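Student: The structure follows.
The values are calculated or read from the model by the stated rules, or taken from the named source; none is laboratory data. The structure displayed is predicted, hence computed values, not measured ones. Neighbour counts are summed over all protein chains in view; Cβ atoms, including those assigned to glycine, are modelled from backbone coordinates with ideal geometry.
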Protein chains: 2
Amino acid sequence: MELLSTNLCFGGEHRRYRHASHALACDMEFAVFLPPAALGPEPAPVPVLYWLSGLTCTDQNFMQKAGAQRLAAQLGLAIVCPDTSPRGVNLPGEDDSYDFGSGAGFYLNATRQPWARHYRMYDYVVTELPALVEARLPVTDQRAISGHSMGGHGALVCALRNPGRYRSVSAFAPIAHPSQCPWGEKAFSGYLGDDRERWAAWDATLLIPQARERLPLLVDQGTADEFLDTQLNPEALVDACERHHHPIQLRMHRGYDHSYFFIASFIDDHLLHHAQALGLR
Amino acid sequence: MELLSTNLCFGGEHRRYRHASHALACDMEFAVFLPPAALGPEPAPVPVLYWLSGLTCTDQNFMQKAGAQRLAAQLGLAIVCPDTSPRGVNLPGEDDSYDFGSGAGFYLNATRQPWARHYRMYDYVVTELPALVEARLPVTDQRAISGHSMGGHGALVCALRNPGRYRSVSAFAPIAHPSQCPWGEKAFSGYLGDDRERWAAWDATLLIPQARERLPLLVDQGTADEFLDTQLNPEALVDACERHHHPIQLRMHRGYDHSYFFIASFIDDHLLHHAQALGLR
């Protein structure tokens, strides 16, 4: 694990690392924010919020634009931001579109060739990356997970598939029912093949009926989001939750769009939600 | 003045505009954050913080990375971010380096050809842009000014040259004595010519002796700033202030660098400084 850079931020440290990923069979970069409580003269390991970003993002978008460090520093919460796909693996067509391949790993394990060898972002963010940071950085195995858009889908799916692994989950404008929207259909058919039955394991709305843990879902959505009508479908997730008595709080924010200006406006609420579940307040 | 985009943010609005600038003889884009108090059912005009960005920036860096909107929304403070130079004026060599020409207007009025016609960022940020926004947006003529690096230099120079025009001024890691550093020497010789006596009017440290207003200077500087030793020289500014009894508060922040992670960490202090001078608290 190679340290690429360090920036002091709100008394804590924003760091970027590069490491060889076994799950993805390539080198990966990620970012971490360590709050003051994890550093300094009497450091103590702190819990981690894993943040999964959306299409086209890297580990940097959230760290630079969300403004999360201010409150995370106060709460004593670390934040880990992985990249959004394997990088530089030279698969044919991997850079041809913004919503498939590079920058668009969709937090699943691909089964279709040629993607199956490298595109295993689910294993990476659920297992490999937490094991790495918990072994090498001053953080605990108390985890929360959140994300935006494709990353909101990822956060919901990671939490719903792994009872007990996360203390809390939230999402901003998630792709809530990817089996039934253009982004999801393109990604799932490309990474998983055309058998739609295999898609259900990667669709938050379809995971709700068999969820073995009633982890409350906090979902924020802007009403002026340019992708709300065609791609996101939070109502499908809410319907599934209501039918199966799964706790969900969907907050519709009038006039907000899909950008980081939306995320920044409400990230503190999410940090407080996770901090409470993690016993930080 | 053409509205390019609007994003809701902390109950206010982040907007981008394009307009034809007379001072610069080209089209310019700028960004504004309007707090909730300036909008809504009973809007009232609000004071403005003008933010001048550093080398290579556009109107967007501060708006996306500083995290200033949260507190500005609470305080009822608008923020206006101009671009950092004229754009697309097709002067020979304007895009050849990051520290001269495009993205590097240095907030002065060029006198040397071929720059003199377009490179008049001083007139633009001090006069034209405020006149425009005060006529067209719900803001008052109560102004504060701040900036980073090249923009910190700009903020100090604009305030020192215009007694009564700004209620308050601050800077992050300003180029405090540009006549005596590589960035400033390159810019001033290129835009103003080789007569160093003409440079003094654009150098905060050299403006202190004749300052007609004792506007307190708030300056934040990181000790790990990679440009501190070669380009910034806040000590020269402090020395001039001490000799001439000009109030200055230079805050040295151990371990912080030149990035927006540094700005974000302390922007709230600056917003509170300006809010107090503007009578907002």
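Student: Tell me which residues, restricted to the range A:155-178, are without any contact (Cβ under 8 Å) to a residue 60 or more places away in the chain, surrounded by fewer than 24 Cβ atoms within 10 Å (Cβ to Cβ) and in a loop (DSSP other than H, G, I, E, B).
Tutor: Passing the criteria: A:Asn162, A:Pro163, A:Gly164, A:Arg165.
Student: Additional query: Kindly establish whether B:Asn90 is within 20 Å of the chain's Cα centre (by Cα) and without any contact (Cβ under 8 Å) to a residue 24 or more places away in the chain.
Tutor: Against the criterion (within 20 Å of the chain's Cα centre (by Cα) and without any contact (Cβ under 8 Å) to a residue 24 or more places away in the chain), B:Asn90 does not qualify.
Student: For the range B:252-281, what are the residues that are more than 14 Å from every other protein chain (Cβ to nearest Cβ) and basic (Lys, Arg)?
Tutor: Hit for the range B:252-281 is B:Arg281, nothing else.
Student: Might you let me know whether the range A:44-62 holds any residue that is in a helix (DSSP H, G or I), away from chain B (no Cβ under 14 Å) and closer than 24 Å to B:Lys65 by Cα?
Tutor: No, every residue in the range A:44-62 fails to be in a helix (DSSP H, G or I), away from chain B (no Cβ under 14 Å) and closer than 24 Å to B:Lys65 by Cα.
Student: Looking at B:Gly67, B:Gly93, which one is part of a loop (DSSP other than H, G, I, E, B), in contact with a Gly (Cβ under 7 Å, 6 or more places away or on another chain) and within 14 Å of another protein chain (Cβ to nearest Cβ)?
Tutor: Exactly one of B:Gly67, B:Gly93 is part of a loop (DSSP other than H, G, I, E, B), in contact with a Gly (Cβ under 7 Å, 6 or more places away or on another chain) and within 14 Å of another protein chain (Cβ to nearest Cβ), namely B:Gly67.
Student: Any residue in the range B:74-85 that's part of a strand (DSSP E or B): show its pairings with residues that are at pLDDT 95 or above and charged (D, E, K, R) at Cβ separation under 8 Å, as long as the two are six or more apart or on different chains.
Tutor: If the second residue must be at pLDDT 95 or above and charged (D, E, K, R), the pairs left are B:Cys81/B:Asp59; B:Pro82/B:Asp59.
Student: Provide a single number: the residues in the range A:220-240 that are more than 14 Å from chain B (Cβ to nearest Cβ) and either touching a Phe, Trp or Tyr at 6+ places or on another chain (Cβ under 7 Å) or farther than 22 Å from A:Glu185 by Cα (or both).
Tutor: Matching residues across the range A:220-240 total 1.
Student: Let me ask something else. Are any residues in the range A:113-154 in a loop (DSSP other than H, G, I, E, B) and in contact with a Leu (Cβ under 6 Å, 6 or more places away or on another chain), and if so, which ones?
Tutor: A:Pro114, A:His118
Student: For the structure I just gave you, tell me whether A:Ser189 is in a helix (DSSP H, G or I), in contact (Cβ under 8 Å) with a residue 24 or more places away in the chain, surrounded by fewer than 20 Cβ atoms within 10 Å (Cβ to Cβ) and polar (S, T, N, Q).
Tutor: In short, no.
Student: Tell me which of these B:Arg281 doesn't satisfy, since it passes every other one: (1) surrounded by fewer than 21 Cβ atoms within 10 Å (Cβ to Cβ); (2) modelled with pLDDT of 95 or more; (3) in contact with a helix residue (DSSP H, G or I) (Cβ under 6 Å, 6 or more places away or on another chain); (4) not in a helix (DSSP H, G or I).
Tutor: So the condition that B:Arg281 fails would be (2).
Student: Could you run through the range B:85-109 and say how many residues are within 15 Å of B:Val125 (Cβ to Cβ) and either crowded, with 23+ Cβ neighbours inside 10 Å or acidic (Asp, Glu) (or both)?
Tutor: Number satisfying all stated conditions: 7.
Student: Now a separate question. Looking only at the range A:5-43, how many residues end up being more than 14 Å from every other protein chain (Cβ to nearest Cβ), surrounded by fewer than 21 Cβ atoms within 10 Å (Cβ to Cβ) and either closer than 13 Å to A:Cys81 by Cβ or at pLDDT 95 or above (or both)?
Tutor: Of the residues in the range A:5-43, 10 are more than 14 Å from every other protein chain (Cβ to nearest Cβ), surrounded by fewer than 21 Cβ atoms within 10 Å (Cβ to Cβ) and either closer than 13 Å to A:Cys81 by Cβ or at pLDDT 95 or above (or both).
Student: Quick one: would you say B:Leu52 is crowded, with 24+ Cβ neighbours inside 10 Å and either at pLDDT 95 or above or more than 20 Å from B:His274 (Cα to Cα) (or both)?
Tutor: It is true that B:Leu52 is crowded, with 24+ Cβ neighbours inside 10 Å and either at pLDDT 95 or above or more than 20 Å from B:His274 (Cα to Cα) (or both).
Student: For the range B:196-212, indicate whether the set of residues that are within 14 Å of chain A (Cβ to nearest Cβ) and either over 30 Å from B:Arg112 (Cβ atoms) or of a type in the set (A, V, I, L, M) (or both) is non-empty.
Tutor: no
Student: May I ask you to verify whether B:Gly76 is surrounded by fewer than 23 Cβ atoms within 10 Å (Cβ to Cβ) and not hydrophobic (A, V, I, L, M, F, W, C)?
Tutor: Considered against the rule, which asks whether it is surrounded by fewer than 23 Cβ atoms within 10 Å (Cβ to Cβ) and not hydrophobic (A, V, I, L, M, F, W, C), B:Gly76 comes out as yes.
Student: Does the range A:96-112 hold any residues that are of a type in the set (Asp, Glu) and either outside any loop (DSSP other than H, G, I, E, B) or over 20 Å from the mean Cα position of the chain (by Cα) (or both), and which are they?
Tutor: Residue satisfying the conditions is A:Asp96 alone.
Student: Let me ask another. Sort out which residues of the range A:226-251 are in contact (Cβ under 8 Å) with a residue 40 or more places away in the chain and surrounded by 16 or more Cβ atoms within 10 Å (Cβ to Cβ), and write them in order of number.
Tutor: Matches in the range A:226-251: A:Phe227, A:Leu228, A:Gln231, A:Leu232, A:Asn233, A:Pro234, A:Ala236, A:Leu237.
Student: Just checking, how many residues over the range A:193-225 are surrounded by fewer than 13 Cβ atoms within 10 Å (Cβ to Cβ), in a loop (DSSP other than H, G, I, E, B) and modelled with pLDDT of 95 or more?
Tutor: The number of residues fulfilling the criteria is 3.
Student: Is it true that some residue in the range A:99-112 is in contact (Cβ under 8 Å) with a residue 12 or more places away in the chain, more than 14 Å from every other protein chain (Cβ to nearest Cβ), within 16 Å of A:Ser146 (Cα to Cα) and out of contact with any Phe, Trp or Tyr (no Cβ under 9 Å at 6 or more places or on another chain)?
Tutor: No: zero hits.
Student: Ok, one more. Given the structure, is B:Pro174 modelled with pLDDT of 95 or more and touching a helix residue (DSSP H, G or I) at 6+ places or on another chain (Cβ under 6 Å)?
Tutor: Against the criterion (modelled with pLDDT of 95 or more and touching a helix residue (DSSP H, G or I) at 6+ places or on another chain (Cβ under 6 Å)), B:Pro174 qualifies.
Student: A further question follows. Suppose we filter the range B:20-45 for residues that are within 19 Å of the chain's Cα centre (by Cα) and not hydroxyl-bearing (Ser, Thr, Tyr); how many remain?
Tutor: Of the residues in the range B:20-45, 9 are within 19 Å of the chain's Cα centre (by Cα) and not hydroxyl-bearing (Ser, Thr, Tyr).
Student: Give me the pairs: first residue in the range A:260-280 and within 24 Å of B:Phe62 (Cβ to Cβ), second residue among the β-branched types (Val, Ile, Thr) and at pLDDT below 95, beta-carbon distance under 6 Å, and six or more apart or on different chains, which are they?
Tutor: Every condition considered, no pair remains.
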